[in-house]
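Since the structure comes first, as structure tokens, the remarks are kept for the end.
Each reported figure results from applying straightforward, stated rules to the coordinates on display, with no laboratory input. Quick caveat, the model's predicted, so the values are computed rather than measured. In this analysis, Cβ positions are derived from the backbone assuming ideal geometry, glycine residues included, and neighbour counts consider all displayed protein chains.
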Amino acid sequence: MTTRRNVVGVIDVILPCLNEAPALPWVLTRMPAGFRPIVVDNGSTDNSAQIAADLGATVVAAPRRGFGEACHAGLTAATGDLVCFMDADASLDPSELPRLVARLGTADLVLGRRRPTTRGAWPSHARLGNAVLARLLNRRAGTRLHDLGPMRAARREPLLGLGLVDRRFGYPLEMVLRAAAEGWRIREVEVAYHPREGRSKVTGTLPGTLRAVRDMRRVLSEVTS
């Protein structure tokens, strides 16, 4: 892991990464000025880490598999006052990140509400699972969200203060649940959702979607019980 000093005004972008070599060049070359990518290598067997480093990203190793493991490793490695999260598979465009950050004046946590650009960008089973979880979340946490999207923006220190413990696919849901419990203002901004590059490991497959939904339902039960 590279040790870095914080630069005033620079925003860290955490990109969990597992075998995303085909997508990383597109993602990293579209990173807006002032946004600093942190690619968290979650045990890739391709050359994702080398590609990311060659393109100027900070690369953090998180060898223990788990989406939450990678997200939290990136969060603890970040030094900027503001942090963003997004997938590294080219399904989301980094050029939209400034729109989320701009809402942080009137919100504490901003989520990208995904709008598919093509019919196959968001498989029906993944979309249905997301909608069911969003309804359960809204009922238990008093939120009014439509999507538990992976593109997010918030302030780093308050996020760390939430004490997130899930290290699997429940991490994104736990973030929203604990933020809502603390009275955070949570808002959505519409973002384009593109077909991902390469083979999907989670929501692009039915087993992956079911695994993610199971993890999130577990977190929902544990945090709100």
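Details
- Within the range 11-224, DSSP assigns beta bridges of which about 25% are antiparallel (rounded to the nearest 5).
- Helix-only arithmetic for the chain: the sum of -39500 (n - 2.57) across DSSP H runs with n ≥ 4, divided by the residue total, places the mean residue ellipticity at 222 nm at -11000 deg cm²/dmol.
- GNM on the chain, alpha-carbon springs under 10 angstrom: the most fluctuating residue among P22, P158, P195 is P158.
- Full extension of the chain between D54 and R155 gives 33.6 nm of extra length, using 0.36 nm per residue less the Cα-Cα distance.
- Note, ³J(HN,Hα) from phi for the range 24-33, Karplus 6.51, -1.76, 1.60, rounded to Hz, x at Gly and Pro: 4, x, 4, 5, 6, 6, 9, 5, x, 4
- One quarter of the surface of the convex hull around the alpha-carbon atoms of the range 11-224 equals 10.2 nm², the direction-averaged projected area.
- Local charge for A90 was computed over the other residues whose Cβ lies under 10 Å away, with Lys and Arg +1 and Asp and Glu -1, and equals -3.
- Nearest-0.05 FRET efficiency for A121 and R144, computed from C-beta distance (R0 22 Å): 0.35
- Counting Lys and Arg as +1 and Asp and Glu as -1 over every other residue whose Cβ lies under 11 Å from the Cβ of E69, the net charge comes to +3.
- Phi-based couplings in Hz for the range 179-191 (Karplus 6.51, -1.76, 1.60; Gly and Pro marked x): 5, 5, 5, 8, x, 5, 7, 10, 10, 10, 10, 5, 9
- Anisotropy class of the range 33-144 from Cα gyration tensor, a/c 1.5 cut: prolate
- Each of V83, V189, V10 has some number of other Cβ atoms within 10 Å of its Cβ, and from fewest to most they run V10, V189, V83.
- Integer Hz, Karplus 6.51/-1.76/1.60 couplings in order for the range 131-136, x for Gly and Pro: 5, 5, 5, 4, 5, 4
- Here the gap between R218 and D81, fully extended at 0.36 nm per residue and compared with their Cα-Cα distance, gives a gain of 46.2 nm.
- Other-chain or far-sequence residues with amide H under 5 Å of G43's (modelled H): A62
- In a simple Cβ point-charge model (Lys, Arg +1; Asp, Glu -1; nothing else charged), the chain has a dipole of about 720 debye relative to its Cα centre.
- Taking amide H as placed 1.01 Å from N in the peptide plane, R185 has its amide H under 5 Å from the amide H of D108, L109, each at least 5 places away in sequence or on another chain.
- Relative contact order computed over the range 11-224 (Cα-Cα under 8 Å; 6+ residues apart), in percent: 25
- Amide H within-cut-off set for F169, under 5 Å, with H built and near neighbours excluded: F67, G68
- Sorted by Cβ density within 10 Å, fewest first, the residues D41, D46, D108, D147: D46, D108, D147, D41
- Ordering S95, S124, S48 from the fewest to the most neighbouring beta carbons within 10 Å gives S124, S95, S48.
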